[in-house]
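Scroll down for the structure; my scribbles are underneath it.
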Amino acid sequence: AGLCPMPVLPLLLLFLPGLAAGPSGMLQPRESPSRERRELGGLWSFRADLSPGRDAGFAQRWYRRPLRQTGPVIDMPVPASFNDITQDPSLENYIGWVWYEKEVLLPLRWLQGDPAPRVVLRFGSAHYYSIVWVNGVQVVEHEGGHLPFEADISSVVQGSPGTLCRITLALNNTLTPHTLPPGSIQYMADKSRYPRNYFVQDTKFDFFNYAGIHRPVVLYTTPAAYIDDITVTTTSSDSVATVQYQVSVLGSTDYSLSLTLCDQEGKVVATGDGPVGELKVLNPNLWWPYLMHENPGYLYSLEVKMQAQVGEVLLEDVYTLPLGIRTVHVTSTQFLINGRPFYFHGVNKHEDADIRGKGLDWPLIVKDFNLLRWLGANSFRTSHYPYAEEIMDLCDAYGIVVIDESPGVGIKLPESFGNKSLQHHLAVMEELIRRDKNRPSVVMWSVANEPASELPPAAHYFKTLIAHTKALDPSRPVTFVTDVNYALDHGAPYVDVICVNSYFSWYHDPGHLEVIPFQLTAQFDNWYKTYQKPIIQSEYGADSVPGLHSDPPMMFTEEYQQALLRQYHSVLDKKRKEYVIGELIWNFADFMTNQGTTRVLGNKKGIFTRQRQPKAAAFVLRDRYWKIANESSCLPPVITSHSFYL
C-alpha cells in the first residue's frame with residue numbers, strides 16, 4: 001500500500017531510455033581456460049524511494065555518485081527479496097522504485113590487453129523492471145523478472161584501472177495489465193475510509209509478490225572474440241544418437257571452431273568442427289528421468305573451442321556445455337521419453353522461503369531435491385515462472401523432468417489479451433527458450449497458468465503465442481495450464497497436452513469429498529472426448545494446518561488433505577490406464593501469499609510445511625509415487641521417431 005499526492009502509476013513506471021537487452025545468446029556463465037567468473041553476492045547498499053512520486057532517485061540522479069552520498073542507506077543481502085529482511089512494515093508491501101548499489105574492484109588483467117577481454121555484468125533475475133548503471137553510465141534496461149539479463153561493460157570499466165567499479169540498480173516492482181505477471185494499481189477513492197491518494201497493488205495470483213535481486217549477480221569475462229551461443233538438439237535410435245549443433249561467434253568473422261563430446265569418464269565419443277553440424281554417438285548413454293533408469297540424468301560434456309584472428313592476435317575461447325541425449329514424443333494418449341511411456345508423478349513448487357523470500361538459497365535447494373527424491377517425484381512444473389538456473393542444473397543432473405513455465409500467471413483482465421501484452425509475452429518466451437533450450441530436463445513449455453481463456457481474445461492470443469513458441473523450438477511440445485470449462489476454453493485447441501487444474505471439494509463443493517469421483521471422471525472424459533489429447537492433472541489439493549486433526553475429516557485438517565488426495569488418486573488410477581499422463585500435487589510446500597481472510601500466513605496446500613517438514617499427506621503421496629515408479633520401471637521401448645508429436 002502507499003500514499004501519494006499525485007497520480008502514482010506514470011511515475012512508478014518512469015522507464016528511461018537506455019540500452020535494451022539484446023537478442024544475442026544467453027549462455028550460463030561458466031569458468032574455462034578463457035573465461036573467469038566472479039559472484040557479487042553479499043551485502044549491497046539499499047534504499048527504497050519513499051518520495052511522494054517515487055521519482056526522487058531520477059530527479060536527483062542518485063546513480064551519478066555513491067548512493068550513500070545521496071541519503072541514508074541500509075544493508076541488503078543479495079540474492080534475497082527485500083520484503084521480509086527488515087522490521088519496517090512499509091517495506092513489506094512497498095510498491096515503486098528501490099535502489100541497490102555495490103562497489104567492486106576488478107582485477108587488472110580484466111582491464112588490460114590488446115585487445116582487452118570483454119567484461120560482462122549479468123543479473124540472474126530482478127523483479128521486475130531494471131535499469132543498471134556502471135560508474136554513472138547506463139548500461140542496460142530489462143523488463144520482467146525471473147530471467148537473466150546482462151550488459152557488456154568493458155568500455156565503461158577499462159578506462160579507469162585500479163579504481164572501484166560502482167554498480168547501481170534501480171528496480172521497480174509495479175505490475176500493470178501488460179506486464180508478466182499482470183497487475184494493476186487500485187486507487188481507494190472513498191475519502192471517508194482512506195487517506196488522500198491511497199493505493200494498493202492488485203494482482204490475480206495467489207502467491208506473495210516478492211521483489212528484489214533474487215538470483216546471483218555475476219561479473220564474467222570472455223575474449224574480445226567469443227562463443228556467443230550454442231544450440232543443440234538430439235535424436236537417437238537403439239545404437240546411435242545424433243547431436244545437431246549450431247554455434248554463433250561474435251567479435252570476429254575470421255575464426256575456426258572445433259567440438260569435442262566426452263562422456264562422464266572423460267572419454268572422447270565424438271568430434272566435429274564448424275559452426276553447424278552433427279555429431280554421431282555410438283551406443284549412447286541416454287538421459288533418463290529419475291526412477292526410470294538405474295543411471296538417471298546422464299550428461300555428456302560438449303567442449304566448444306574457438307580460435308579467432310583479431311588484428312594481429314590469435315584469440316581462443318572455450319565453453320563447455322552439459323548435454324543430455326534424449327527424445328520427447330507425444331501421442332494421443334501418451335508422453336514418451338526415449339520411446340518409453342512417461343508418467344508425470346510430481347509436484348508444483350514455488351521459489352519461496354522464510355526471510356529470503358524468492359532469493360536463491362543453496363541449502364534450501366538441496367533440501368528440496370532430497371525431499372523430491374525421497375518422495376519418489378520424477379517431475380515438477382516451474383509454477384508460475386522460470387526457476388533459477390542453479391535449480392535447473394540439478395534437474396538436468398538428477399533426472400528430474402521439468403515443465404518449464406513462463407511468468408504468464410494472473411492473465412485475467414481483457415486488456416491483458418491485447419497486442420501490447422502479447423508482444424511482451426512473445427519476448428518473454430524468446431528469453432526463456434534462449435536460456436533453457438539445451439536442457440534435457442525440460443520436456444515441455446508452458447506459456448501460462450490459469451488465464452481467462454474463456455474470453456474471445458484468448459483464441460488469437462494463444463494461437464499466436466503457441467505458434468511463436470513452437471517456431472522458436474520445434475523439438476518440444478507446448479501447453480498452458482487451464483482451469484476453464486472444456487467447452488469454453490479458446491486456447492486449448494492449440495496445445496499439445498491438456499493441463500487441467502481442479503479443486504473439487506475445496507473451492508467447489510467444499511467439504512463434500514463424495515463428489516470428487518463423479519466430477520473428476522466427468523472432467524477427464526469431457527476434455528478427452530473434445531480434444532483427443534493426453535491430459536495432466538496439473539493441480540489438485542487442499543489446505544491443511546500442520547497439527548490440526550479431525551475424524552471424520554474436516555477441512556483444513558491433515559486428515560482432510562489425505563482423504564481428498566486419495567479420492568483423486570482413485571480416479572487417476574483408472575484414467576492413467578487410458579489417456580491421463582500425469583499428476584502434479586499442489587503444492588510441494590506451504591508458501592507465502594498476500595494477507596486475506598482465507599490465508600493464515602500463506603497458502604497451506606503444501607504436503608511439506610514452509611520449513612520443509614512433512615505433513616501426513618506427504619506419506620500418502622510417497623507411497624503412491626514409489627508404487628507407480630515400481631510398476632512402470634521396466635516398460636519396453638515403443639517408438640524411436642525423432643518428431644515430438646505423432
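Restricting the stretch 79-95 to residues that are in a loop (DSSP other than H, G, I, E, B) and of a type outside the set (A, V, I, L, M, F, W, C) leaves a set whose member that is surrounded by the most Cβ atoms within 10 Å (Cβ to Cβ) is PRO79.
Being under 20 Å from ALA116 (Cβ atoms) and open to solvent by 50 Å² or more (accessible area, probe 1.4 Å) is the filter here, so list the residues in the stretch 221-252 that pass it.
Step one: filter the stretch 221-252 for residues under 20 Å from ALA116 (Cβ atoms), giving 221-228, 249-252.
LEU250, GLY251, listed by residue number.
Of all residues in the stretch 96-123, those satisfying the criterion of being open to solvent by 10 Å² or more (accessible area, probe 1.4 Å) and part of a loop (DSSP other than H, G, I, E, B) are LEU106, PRO107, LEU111, GLN112, GLY113, ASP114, PRO115, ALA116, PRO117. The residue pairs whose first member lies in the stretch 287-303 and is on the phi > 0 side of the Ramachandran plot, whose second member is of a type in the set (Ser, Thr, Tyr) and open to solvent by less than 20 Å² (accessible area, probe 1.4 Å), and whose beta carbons are closer than 9 Å, counting only pairs six or more residues apart or on different chains, are LEU291/TYR625; GLY297/SER441. Per this entry, TYR298 is not counted among residues that are within 24 Å of the chain's Cα centre (by Cα), of a type in the set (Phe, Trp, Tyr) and in a strand (DSSP E or B). Across the stretch 562-571, which residue is surrounded by the most Cβ atoms within 10 Å (Cβ to Cβ) among those that are within 14 Å of ALA616 (Cβ to Cβ) and more than 28 Å from the chain's Cα centre (by Cα)? Ranking the candidates gives LEU564 first.
Residues that are within 32 Å of the chain's Cα centre (by Cα) and surrounded by fewer than 22 Cβ atoms within 10 Å (Cβ to Cβ) within the stretch 180-193 comprise SER184, ILE185, GLN186, TYR187, listed in sequence order. Could you look through the stretch 11-40, keep only residues that are open to solvent by 40 Å² or more (accessible area, probe 1.4 Å) and at pLDDT 95 or above, and pick out the one that is farthest from the chain's Cα centre (by Cα)? So the residue we want is PRO33.
The values are calculated or read from the model by the stated rules, or taken from the named source; none is laboratory data. This one's a predicted model, so the numbers in the text were calculated from it and none came from an experiment. We place every Cβ from the backbone using ideal geometry, glycine too, and count neighbours over all the protein chains shown. Just so you know, the surface numbers come from the protein's heavy atoms only, side chains and all, with ligands and any DNA or RNA stripped out. Shrake-Rupley method; radii C 1.70, N 1.55, O 1.52, S 1.80 Å.
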